[in-house]
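Peer 1: Can you read through this structure? Questions will come right after.
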Amino acid sequence: MRTIQLEGVSIEKNGRQILTDINIEVRTGETLGIIGPTGAGKTTLLRVMDLIDLPSKGRVLFKGEAPKNEGERLAARRRIGVVFQRPVMLRGTVYDNVAYGLRIRRLSKDEIDERVEAALSDVGLKGYERRPAKVLSGGEMQRVALARALAISPELLLLDEPTANLDPRTSYVIEELISRAKMRGMTTVVSTHDLPQAVRLADRIVIIMDGRVVSSGSADLLLNSDSDDVRAFLHAGMLRPVDWRFIHEFARVSH
Amino acid sequence: MDEIARGFIRAVELIIELNPEVIEVTLRSFLIALTSVTIASLINVPLGSLIHFHHFPGRSGLINLIQTLYSIPTVTVGLFVFLLISREGPLGGYGLLYTPYGMIIGQTVLITPVILGLTISALSSVSEDIRDTAVSLGADRFQTMWTVIVEARGPVLAAVLLGFGRALSEVGVAMMIGGNIRGYTRVLTTAIALETSMGNLEISIALGLILISIALVVNTVVGRLQGW
Ligand SMILES: Nc1ncnc2c1ncn2[C@@H]1O[C@H](COP(=O)(O)OP(=O)(O)O)[C@@H](O)[C@H]1O
Ligand SMILES: [Mg+2]
């Protein structure tokens, strides 16, 4: 089963080629890691998967079907949860934020209450309901954003550098939350420029550079790759292959 | 000098003792301006978001034009609406000239550019991320627009209030369309003009003080709203 498939996707924004001929599939139940240096196109790739940015070439299939118009894209998007790189809080309380997607779907008040409570306790923010969302700390916002995405019970969760701006401790908490969602069978795509994180979280990894997929496969496969591009990326990540191997082991042990 | 000082004292007395004429004119001003601003807002806040959310040829030219019309002289609008609703005009059959209804039409036209233009800039001040967040959480087009409006509610309300202030303090439309008919279309500004020309300074000053107080309150609230 494939949850989402990108077939020959290229995207251009303001006359700039950002993604080129991307072929990626996300299998139902797996966690796919997207790694690549800053500017590689990770954010754009996730926006394409969420059907917000439309490819200039190629197509995106959600559950085997390519949405043909905005109505179908909306329907598919409503089954996808996403947490952006720098989550933005909407006006109002933490409750309002987590309830937003549910209100839009016109669920009953009782159902909304129930789901908000469950989502907030999932991310360890029980009791935060009445706090104004815009004044939370970065880590708290990240967790509210995660709760907001989980509350709609998505069939696909897209996470864009979920720990990029957080301290190590908060990063650890967020990673735990992602692992837990994964354990419950959530299909997840997580982008990161943090190699060890990708190894810890993902079943499969896709490396992108300059808007192209340069390599994909299990962490082990990538590790032993003799592709110049992969080596170049490891280098770009300020890591020599030997460090990469070390980190890989380290991730295993510390998991 | 003495006369002016006495005028001020008498004016304050008129306000304190709730002089019926002063109260009546003030209430009518409020009612007409409030109706105008309500109609203008119901049209222009949604229209502003349509313009904000859509890209079409001539969009930036249109926005420029709207902003130019912020300070359109009120007598120009008065003349335009006069031509529209006077006997020979296209809306001549409705007998709107020299009625409060005609004034409401005129004021609505007058404050349309301000409310429209300031609504567009209020919405532009909302970050793209808000829109993306709404869309990604499953909002449809209308829900997304509404979310952005709610996000900009302070500046949008400020736009509405500025429109109210402009409607309340304008003379051109009130004079040319309303005709300053006592007990029917006479409002603060036209009453001040008339009473002053007739030498009834204390009434003029009383009405002027009321107008200035309202303007002060409006401006203070607008200032607060910007950051709300
Ligand atoms: N709207 C846009 N217009 C032009 N260039 C863009 C736009 N959005 C992103 N880019 C460019 O596309 C490249 C990939 O961006 P992004 O997807 O944000 O990469 P990443 O998330 O991997 O850092 C960057 O070089 C960025 O500057
Ligand atoms: Mg990014």
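Peer 1: Give the distance, in whole Å, between the Cα centre of region A:49-70 and the Cα centre of region A:20-37.
Peer 2: If you average the Cα positions of each part, the centres end up 15 Å apart.
Peer 1: Relative contact order (percent) for region A:137-200, with alpha-carbon contacts under 8 angstrom and 6 or more residues of separation?
Peer 2: Relative contact order here is 39 percent.
Peer 1: In bins 10 Å wide, starting from 0, what share of all Cα pairs of region A:148-206 does each bin hold, as a percent?
Peer 2: In whole percents, the pair-distance histogram is 21, 60, 19.
Peer 1: Region A:193-223 to region B:118-136: how many Å between their Cα centroids?
Peer 2: Measuring centre to centre over Cα atoms gives 34 Å.
Peer 1: Let me test this: with uniform point scatterers at the alpha carbons of chain A, what is the Debye-based log₁₀ I(q)/I(0) at q = 0.07, 0.11, 0.13, 0.16 1/Å?
Peer 2: -0.24, -0.60, -0.83, -1.22
Peer 1: Related question: Before anything else, pin down the relative contact order of region B:2-227: Cα pairs under 8 Å, at least 6 apart, normalised by residue count, whole percent.
Peer 2: 31 percent
Peer 1: Moving on. Which one of B:L91, B:Q143, B:A158 is farthest out on the positive end of the charge dipole of region B:60-187, using unit charges on Cβ (Lys, Arg +1; Asp, Glu -1) and the Cα centre as origin?
Peer 2: After comparing all options, I get B:L91.
Peer 1: Then there is this: Using only Cα atoms and rounding to the nearest 10 degrees, what angle (0 to 90) does helix B:201-226 make with the longest principal axis of chain B?
Peer 2: 20 degrees
Peer 1: Okay, next question. Mind checking region B:161-228 for trypsin sites (Lys or Arg not before Pro) that DSSP puts in a loop (not H, G, I, E or B) and that have at most 13 other Cβ atoms within 10 Å?
Peer 2: B:R182
Peer 1: Between region B:170-228 and region B:44-112, what's the alpha-carbon centroid distance in Å?
Peer 2: Computed from Cα coordinates, the inter-centre distance equals 21 Å.
Peer 1: Please order B:H54, A:H193 by the number of other Cβ within 10 Å, starting at the fewest.
Peer 2: B:H54, A:H193
Peer 1: Going by how many other Cβ atoms sit within 10 Å of their own, how do A:V98, A:V26, B:V22 line up, fewest first?
Peer 2: Exposure proxy ranking, most exposed first: B:V22, A:V26, A:V98.
Peer 1: Calculate the FRET efficiency for A:A66 and A:D167 from the Cβ-Cβ distance with a Förster distance of 45 Å, rounded to the nearest 0.05.
Peer 2: With R0 = 45 Å, the Cβ-Cβ based efficiency is 0.65.
Peer 1: With both bridge residues required to lie in the protein assembly as shown, what share of the DSSP beta bridges run antiparallel, to the nearest 5%?
Peer 2: Bridges in the protein assembly as shown are about 55 percent antiparallel.
Peer 1: I would also like to ask the following. Taking beta carbons within 10 Å but only from partner chains, what does the mean come to for residues B:138-145?
Peer 2: The per-residue average across the peptide is 4.
Peer 1: Taking Rh as the Kirkwood radius, which is the inverse of the mean 1/r over Cα pairs, what is the Rg/Rh value for region B:2-227?
Peer 2: 1.06
Peer 1: Follow-up question, since we're still on this one. I'd like the mean, over residues of A:67-76, of how many other protein chain beta carbons sit within 10 Å of each residue's own Cβ.
Peer 2: So the per-residue partner count for this stretch is 1.
Peer 1: Within 10 Å of each Cβ of B:126-136, how many other protein chain Cβ atoms are there on average?
Peer 2: Shielding by partners across B:126-136 averages 5.
Peer 1: Which is farthest toward the positive dipole end of region A:58-176 among A:A147, A:I104, A:P132, measuring Cα position about the Cα centre, with Cβ charges +1 (Lys, Arg) and -1 (Asp, Glu)?
Peer 2: A:I104
Peer 1: Want the number for B:F142 to B:S124: 0.36 nm per residue separation, take away the alpha-carbon distance, what's left?
Peer 2: Between B:F142 and B:S124, full extension yields 4.8 nm more.
Peer 1: Most exposed first by the Cβ proxy, i.e. fewest other Cβ within 10 Å, how do A:D110, A:D167 rank?
Peer 2: If I rank by nearby Cβ atoms, fewest first, I get A:D110, A:D167.
Peer 1: Next up: For the residue pair B:L65 and A:D226, what label-to-label distance in nm results when each label sits 7 Å from Cα along the Cα-to-beta-carbon direction?
Peer 2: For the pair B:L65/A:D226, the computed spacing is 6.9 nm.
Peer 1: In addition: Nothing charged except the Cβ atoms of Lys and Arg (+1) and of Asp and Glu (-1): what's the magnitude of the dipole of region B:1-138 about its Cα centre? Round to the nearest 20 debye.
Peer 2: 400 debye
Peer 1: Let's see if you can work this out: charge +1 on each Lys and Arg Cβ, -1 on each Asp and Glu Cβ, no other charges. What is the dipole magnitude of the protein assembly as shown about its Cα centre, in debye to the nearest 20?
Peer 2: 620 debye
Peer 1: Percent relative contact order of chain A, based on C-alpha pairs within less than 8 angstrom and at least six residues apart?
Peer 2: 26 percent
Peer 1: Here is a follow-up. Distance cut-off 28 Å, Cα to Cα: go down the list A:K42/A:K109; A:K42/A:K126; A:K13/A:K134; A:K42/A:K68 and report the pairs above it.
Peer 2: Exceeds cut-off: A:K42/A:K109; A:K42/A:K126; A:K13/A:K134.
Peer 1: How much of the calculated P(r) for region A:1-110 lies past 17 Å, in percent of all Cα pairs?
Peer 2: Within region A:1-110, distances greater than 17 Å cover 61 percent of Cα pairs.
Peer 1: At 10 °C and 1.306 mPa s, what whole-number value in µm²/s does Stokes-Einstein give for the translational diffusion of the protein assembly as shown, with Rh from the Kirkwood sum over Cα pairs?
Peer 2: 60 µm²/s
Peer 1: Additional query: With angles folded into 0 to 90 degrees, how steeply does helix B:153-169 sit against the dominant principal axis of chain B? Use alpha carbons for both and round to 10.
Peer 2: With both axes taken from Cα atoms, the answer is about 30 degrees.
Peer 1: Let me ask something else. Given the Cα atoms of region A:1-47, and with Rh set as the inverse mean 1/r over their pairs in the Kirkwood sense, what is Rg to Rh to two decimals?
Peer 2: Using only Cα positions, Rg/Rh for region A:1-47 is 1.00.
Peer 1: Turning to a different aspect of this structure: Just going by the charge dipole of region B:2-227, with Lys and Arg at +1 and Asp and Glu at -1 on Cβ, which of B:P57, B:I72, B:S213 is farthest out on the positive end?
Peer 2: B:P57
Peer 1: Report the extension gain between B:V75 and B:T38 in nm, rounded to one decimal, defined as 0.36 nm multiplied by the number of residues separating them, less their alpha carbon distance.
Peer 2: Between B:V75 and B:T38, full extension yields 11.1 nm more.
Peer 1: What does region B:173-223 give for Rg and for Dmax, in Å, if only its C-alpha atoms count?
Peer 2: Spelled out, the Cα radius of gyration and Dmax of region B:173-223 are 12.4, 37 Å.
Quick note: the coordinates plus some simple rules give every number you see, no bench work behind them. Just so it is clear, the structure is predicted and the values come from calculations on it, not from any experiment. Counting neighbours? That spans all protein chains shown, and the Cβs are built from the backbone with ideal geometry, glycine included.
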